[in-house]
Amino acid sequence: MCVLLCVVHYAASTIGQQDSMVVQDFETWSSFALRTELLDDKLEFKVSQNLRFNENSSALGILFTQFGGSYEIIDGLKLGAAYRYINETDENTGNRQWRAQAYLGYGHKLNRFKLSCRLRYQLRDYFQQSKGNGDYSTSKLRLALKLDYNVKNWKLDPYLKAELFHAKTTEDAVEYIPEVETGSMELSGFEKVRFTLGTNLKPFKRARLGLYYRIEKGFNTFPTYLGTTTFNPETIYILGFNFSYKLNLKKNE
């Protein structure tokens, strides 16, 4: 709980230092997944199809398919990995990308509460492009903290989640220093924070349904170079929906 408060305090103090020049948008995200569990439910495999609409939810911005799995090492401690194939449909950035990620997560129950934390590393890059065309990979380190509450005799169990992003990437120097015609520069720092309020329920056997509202806030301190802010932060308000169905691969069920 102390760590959760520290993340929220850092995010709030950084957000308070933002410029008034902020880009805003309202997006809707949806996910449809199939999953299965093996080895006494310790090993899970999952494939999902995801759609994200931007520009006030009027246009399909990102379409991606993700394959992944996780394994519960000991009670409450999970190790997982996933691969994502991404298609950005925006006319300015309409490129195919891939993303690989790995994470370590831990959850602990205390009466009706459950506190979870997750540390994820991810690497993202474009297909069929080169550094000469301005294609540089981006890596991110993400810390997520989540608090679930099980409401007695109620199917809609709420949760709160906070996630902090640290990014590292390389950009063409001319984008930040007009006097420089060639070359690249490395940028790193805390990129953004997400706050999520959501709920989960089981509408029928083997099915999971999730609804959430999320606020994603970019920091104007990323990226910076020589102490000069070069980025207008973006605030995104997100309404999300996800549905998953568990495939039964056990003969005795």
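The figures follow:
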| item | result |
| --- | --- |
| Qualifying positions in segment 110-124 - free of Cβ contacts under 8 Å to residues at least 24 places away in the same chain, part of a strand (DSSP E or B) and out of contact with any Leu (no Cβ under 7 Å at 6 or more places or on another chain) | 110, 122 |
| Checking residue 197 against (1) surrounded by fewer than 15 Cβ atoms within 10 Å (Cβ to Cβ); (2) more than 21 Å from residue 120 (Cα to Cα); (3) modelled with pLDDT of 95 or more; (4) not β-branched (Val, Ile, Thr), the condition it does not meet | (2) |
| Residue check for residue 141: farther than 22 Å from residue 244 by Cβ, at pLDDT 95 or above and either part of a strand (DSSP E or B) or not polar (S, T, N, Q) (or both) | yes |
| Residues of segment 11-31 classified as under 19 Å from the mean Cα position of the chain (by Cα) and modelled with pLDDT of 50 or more, total | 8 |
| Filter pass, residue 44 being charged (D, E, K, R), modelled with pLDDT of 95 or more and closer than 23 Å to residue 191 by Cα | no |
| Pick from segment 45-58, criterion under 20 Å from the mean Cα position of the chain (by Cα) and either closer than 17 Å to residue 118 by Cα or of a type in the set (Gly, Ala, Ser) (or both), ranking: surrounded by the fewest Cβ atoms within 10 Å (Cβ to Cβ) | 57 |
| Check on residue 34, more than 17 Å from the chain's Cα centre (by Cα) and at pLDDT below 95 | no |
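The values are calculated or read from the model by the stated rules, or taken from the named source; none is laboratory data. Just so we're clear, the structure is a prediction, and the values are computed from it rather than from any experiment. Cβ: placed from backbone, ideal geometry, glycine included. Neighbour counts: every protein chain shown.
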